[in-house]
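These notes are about the structure you will find just below.
The values are calculated or read from the model by the stated rules, or taken from the named source; none is laboratory data. All figures in this text were calculated on a predicted structure; none of them were measured in a lab. Note that each Cβ is placed from the backbone with ideal geometry, even for glycine, and that neighbours are counted across all protein chains shown.
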Amino acid sequence: MSKASWLRLIVAALVITLGVVVVQAQRTQVRVADDAAEHTHVAPGEHDDFYAFLSGGYSGQISVVGLPSGRTLRTIPVFSQWAENGYGYTEETKPLLMTSQGFLAWDDSHHSQLSQTDGVTDGRWVFINGNNTPRIARIDLSTFETKEIIEIPNTGGNHASPFTTENSEYLVSATRFSIPYPQQDIPIADYEGNFKGMISFIAVEPDTGEMSVDFQLLMPGFDYDVSHCGRGPSHGWCFFSSYNTEEAHTLLEVNASQRDKDFVAAVNWQRANECLADGAGESVAARYAHNMIDESSGIASHEMLEEVTLLTPEACSGVVYFLPTPKSPHGVDVDPSGEYIVPGGKLSATIAVHSFSRMLEAIENGAVSGDAYGVPILEFESVLAGEVERACLGPLHNEFDTKGNVYTSCFLTSEIIKWKLGTWEIVDRIPTFYSIGHLLVPGGDSAQPWDTYVVALNKITKDRYLPTGPELAHSAQLIDISGDRMQMLLDFPTQGEPHYGQALPAELVSENSLRIFPLAENTHPFAAKTEDETRVERDGSDVHVYMTAIRSHFAPDVIEGVKLGDTVYFHVTNLEQDWDIPHGFATYGMEGANALIMPGQTLTVKWTPQDVGVFPFYCTDFCSALHQEMQGYIRVSPADSDLALSWSVGE
Amino acid sequence: MTSTRKPLRWPFRVLILVAALLPLASFFFPLWHYDFEAPQYPEGLAMSIWAYKLGGRVDLINGLNHYVGFMALDESEFIEFKVLPVLIGLVVLTGLGVVVSGSFRWLRAWVVGFTVFGVVALVDFYRWLYTFGHTTDPRAIIEIEEYTPPIIGESAFMNFYITAFPGIGAVALIAALVLGIIVLALVWIRLPGREALAKTRAVVI
């Protein structure tokens, strides 16, 4: 080879190398809006435009985040004890965490769901599922407190929950892990045919929000994953994705991934109601807890319920159909019009969209390709609206805007794709960091989305923030969707593992937010509403302290006559009626956590003294300039002491 | 053919000495690199192939491969990792033999043998890549179209951009072979030693 040829070769190699570098640089370029800071800056003292309610995943809670700032405003404790304010530790709130399996201090919360009226988010309640020991909780958005928790019987893993109908007539629940029905001691290898799925409809009382298990539908033993209910024309139906139609009981990652298509179960709950009215349901034994906080006393009740109404597909023809859906679908979402049912076939690169109107025609025309345990399977082609080809890898969930666009989260390719209903064309993509799970658009799963932002709720964080050791906060990203192209605006860390989240315009909630609990309406039986009512009473070995807290003292703050072996209940009423003046209460050696008592509220801390002596108690919330002086003593005498109970303040 | 009978001149012998020693680099540096790029691997995911082992995050790559049913990479299943070091050692030793003997025939045999070795190695490499991409577990979670990873250059597969390129080890081997071929060519076209050396300098530098 000549010198010139060699030179040419070397130059060519350099050009190719450079080209590769340039291509790589382009590929990893992140599209951040030039004016991102302007979009997300909420000036000091100003408020965010939206509340977002993000599930806490394995924290069991809900976190409230302001958008567009991404600031965490508050954690609402739901399924897990919360030492910060004593939720699940105080005597008033402990009953909320009672279940058929006893007191449970933790659960796994996945999907927050805002209540709706006429298909539009109304800002009254947010509901959330407990996945592990199946439950649904209702949080009142005037106080941001968990008001009610109902257990779902006959269910293993309440994942497809608590998705709402368009007037929150119902919330749904479905078993992610099918289990024997009725529960029994059988070999696990006998899964096929013996394990059952259960889809439950939880009725919500329209005025009070009180929940009850209206009926349960016994289903084939698949894994029911996620759900959404119809609206508009499809009101009256709810749709459930399913995987493991292979009915595998071990190594599901392989054994439940064999079929090209699994199912979306379309359940006609209005038809179910007709059947139930005709007496097709059966009342069966069940054991499940129903716990609710009484509005005026703030005390949670706990009751065990003993029966539930069961409906089978055989007893009610037309109540459920299977729509073939590629492949191991995860999410299933309904567009704002109610016509399109969009699953996320997580192992398929194509998104196959079902048409509700075509589904009705297929049912009418008997376009059935078979059945699964008696449930008719509709022909794939006959319910298909269209397909998004080469969409992405690992499509999971969809949210919508008002312009007919769908935003799909893609886990494997770590991106959000934007595509059009009807034309099925992809119009934009944006990478997310990293491995997005759910996504949310304010109102994006309702009849009225607000076309402002999409929030990517990512599963992997890695290098997005300053490192904090092996355990990292999950990463969320705010993306502007107001223009033609999506623009990355902001990264923000979240609490626990947000699965789904929902957001709504701030004024729908802020205008109804309570500032205090009116003391006059407090009906707590152990409340002392003035210092004159404070006292200490003995009931056998139980000692009840009727205590008040006001800046900057407790009454009483000197307590004597308690004996070793007694159980002391400090019932502390916060007499303040001013905004944002909580008091906290803690005493030496207490087992649980402090109680953070809001103005007008009464909370009870239980204390079992372990030693003889004099022990301090104090206010844990820096309430005033004399907060450090807000303290008291309780004297514990030997068990055989004759000292009478006495109490005082300022004497 | 004087140059075939007379021993090689010392400048050629020095060049052959360099060519004979260069392959030793492949005991200290990887032969080939595979870089895998995906959004969720900001820290990068890389694998390297050495003469006698696999390097990089083979564990992670095997973990990912099970989704699509690719075979798991296991060093002990590759006879190549036992044979390659021996063959490279042979190249070095026989190369030194050429230097000592100064024989043109030995040089020619060495270059031809080295070339055959290189071609066979590349063919074997490609055969493995093909086998790898065409022997998927029928029960794999995600069904893929048949795919042969690139031997060199870029390729997109699933959520990964894959870049394949030679490492220092392979570059040294290639350089040794190229050097051998150049010396052989220079001797063969019977250029006087001094001029040949000058020409070689120009080429090498």
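Things to note:
- The residues on offer are B:Leu122, B:Leu84, and the sole one that is surrounded by 16 or more Cβ atoms within 10 Å (Cβ to Cβ) and either in contact (Cβ under 8 Å) with a residue 40 or more places away in the chain or part of a helix (DSSP H, G or I) (or both) is B:Leu84.
- Subset of region B:11-47 (residues that are surrounded by fewer than 19 Cβ atoms within 10 Å (Cβ to Cβ), touching a Leu at 6+ places or on another chain (Cβ under 7 Å) and either among the basic types (Lys, Arg) or at pLDDT 95 or above (or both)): B:Val18
- Those strands (runs of 3 or more DSSP E) lying entirely in region A:367-411 with at least 1 residues among the hydrophobic types (A, V, I, L, M, F, W, C), more than 14 Å from chain B (Cβ to nearest Cβ) and touching a His at 6+ places or on another chain (Cβ under 8 Å): A:384-388
- The residues of region A:420-457 that are within 11 Å of chain B (Cβ to nearest Cβ) and either of a type in the set (Ser, Thr, Tyr) or more than 17 Å from A:Met486 (Cα to Cα) (or both), listed by number, are A:Thr432, A:Tyr434, A:Ser435.
- Filter result for A:Tyr588 (surrounded by fewer than 18 Cβ atoms within 10 Å (Cβ to Cβ) and modelled with pLDDT of 95 or more): yes
- Test: A:Val213 is in a strand (DSSP E or B), closer than 19 Å to A:His330 by Cβ, away from every other protein chain (no Cβ under 14 Å) and under 25 Å from the mean Cα position of the chain (by Cα): no
- On inspection, A:Thr494 fails the criterion of being in contact (Cβ under 8 Å) with a residue 12 or more places away in the chain, surrounded by fewer than 18 Cβ atoms within 10 Å (Cβ to Cβ), polar (S, T, N, Q) and away from every other protein chain (no Cβ under 14 Å).
- Residue among A:Leu323, A:Leu311, A:Leu252 that is surrounded by fewer than 22 Cβ atoms within 10 Å (Cβ to Cβ) and either in the same structural domain as A:Asp214 (by TED's automatic domain parsing) or of a type in the set (D, E, K, R) (or both): A:Leu252
- Selection within region A:510-527: residues that are more than 26 Å from the chain's Cα centre (by Cα) and small (Gly, Ala, Ser). The member of this set that is farthest from A:Glu576 (Cα to Cα) is A:Ala527.
- Selection status of A:Ala160, over 20 Å from the mean Cα position of the chain (by Cα) and either among the charged types (D, E, K, R) or not in a strand (DSSP E or B) (or both): no
- Of all residues making up region A:613-651, the number that are surrounded by 14 or more Cβ atoms within 10 Å (Cβ to Cβ) and either assigned to a loop (DSSP other than H, G, I, E, B) or acidic (Asp, Glu) (or both): 9
- A residue that is modelled with pLDDT under 95, away from every other protein chain (no Cβ under 12 Å) and over 17 Å from A:His330 (Cβ atoms) occurs nowhere in region A:459-472.
Yes/no matrix, rows are residues, columns are (1) outside the structural domain of A:Val267 (by TED's automatic domain parsing); (2) without any contact (Cβ under 8 Å) to a residue 40 or more places away in the chain; (3) within 30 Å of the chain's Cα centre (by Cα); (4) surrounded by fewer than 21 Cβ atoms within 10 Å (Cβ to Cβ):
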| position | (1), (2), (3), (4) |
| --- | --- |
| A:Leu378 | no, no, no, no |
| A:Gly386 | no, yes, no, yes |
| A:Ala391 | no, no, yes, no |
| A:Thr402 | no, no, yes, yes |
| A:Ser435 | no, yes, yes, no |
| A:Gly444 | no, no, yes, no |
| A:Trp450 | no, no, yes, yes |
| A:Thr461 | no, yes, yes, no |
| A:Glu471 | no, yes, yes, yes |
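- Condition check for A:Glu295 on (1) assigned to a helix (DSSP H, G or I); (2) touching a helix residue (DSSP H, G or I) at 6+ places or on another chain (Cβ under 9 Å): one failure, at (1).
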